[in-house]
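Here, each number is a calculation from the coordinates, and none is a lab measurement. Given the structure is predicted, the values throughout are model-derived calculations rather than measurements. Methodologically, a virtual Cβ is constructed for each residue, glycine included, from the backbone with ideal geometry; neighbour enumeration extends over all protein chains shown.
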Amino acid sequence: MSDLQWDREFAKEQAGEDSELLVELLGLLSESSKSDLQKIRDGLAAGDAAAVADAAHSIKGAAASLGVEGLRVVAHDIEKKGRAGQLDAIDVAAISELVGELETLKP
């Protein structure tokens, strides 16, 4: 797992310098990402590359909107492999890294 790369200043700007809103947005990112992570797992189990790519894309976009570069990069890699139909290239380590990035994210 890599160290979390997060532009906190960008995130604060996105939240209009409102600390409470930032905490709420991070909570939403965490919850939606957990749901998307389950979609990735389900897609991998079903061999559904489009579902994997779509869920990873969702995580990537949410992470980018709050400047969470480490999470965005991991999700982008999974998305690319899903779009290419390379589900066998998405290993347990990639999923673990995604989980680790989510667990590291705190306001």
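The figures follow:
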| read-out | value |
| --- | --- |
| Ordering of 58-68, 35-45 by packing [mean C-beta count within 10 Å, highest first] | 58-68, 35-45 |
| Label-point separation in nm, L21 to K80, each point 7 Å along Cα→Cβ | 3.4 nm |
| Farthest toward positive dipole pole in the chain [+1 Lys/Arg, -1 Asp/Glu at C-beta], among L28, A62, A89 | A89 |
